[in-house]
């Protein structure tokens with residue numbers, strides 16, 4: 001049975017393949033080749049992936065990512081499609097679903113929304129709920145660098161606090177759009193904001209995300 005993470009993995013691979021290795025992404029300074037290398041290293045090089053959260057290891061992560069980016073692009077796409085090796089923690093279905101559903105969704109949008117003529121993707125209610133559940137779990141981590149209080153709110157009224165503070169900015173949107181916003185792609189997210197004008201501007205400029 002296909003999981004949300006598996007579906008998003010295959011969609012991401014298809015989008016990367018279709019865009020080619022030199023297309024832009026929403027990840028500043030990264031082409032699709034760089035993004036593909038990031039995904040592969042994150043799953044297959046746990047020793048390097050720690051650099052995503054440990055600043056002292058960031059240089060090593062960047063070096064290894066560049067090494068992978070030098071591989072044939074088709075090889076990177078195939079590694080994404082086939083998934084992590086058996087000994088990787090991500091090979092466990094539950095962990096894959098928990099960690100990769102929202103990760104792969106956002107990276108797919110990194111490819112889709114980097115072109116001027118992109119259109120919103122239809123998100124079914126079940127997947128929207130799955131994205132929200134995962135966003136609830138990681139919101140505090142994603143919003144930890146916000147200079148203002150940050151609240152994420154669904155149209156149905158469900159909310160999660162991404163950062164405690166004052167003044168408070170409330171960001172309202174579908175879970176799919178809130179995920180794009182909270183992962184640091186604020187300008188590409190279709191959301192509405194409430195709060196002091198200066199505070200809202202700070203929320204849009206904040207270094208949100210991992």
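We did not get these values from a lab; they are worked out from the coordinates using the rules stated. As the structure is a prediction and not an experimental result, all values here were calculated from the model.
Rounded to the nearest 10 degrees, the angle from helix 4-19 to the longest Cα principal axis of the chain is 70 degrees. The antiparallel fraction among DSSP beta bridges confined to the chain stands at about 60%. At what distance in angstrom do the alpha carbon centres of region 137-160 and region 77-93 lie from each other? Using only Cα atoms, the two centres lie 30 Å from each other.
For Cα extents along the principal axes in Å, the candidate list reads [x] 98, 46, 29; [y] 48, 39, 35; [z] 60, 46, 30; the entry that matches the value derived from this model is [y].
Quick check: the angle from helix 32-44's long axis to the longest principal axis of the chain, C-alpha only, nearest 10 degrees? Here the helix axis deviates by roughly 80 degrees.
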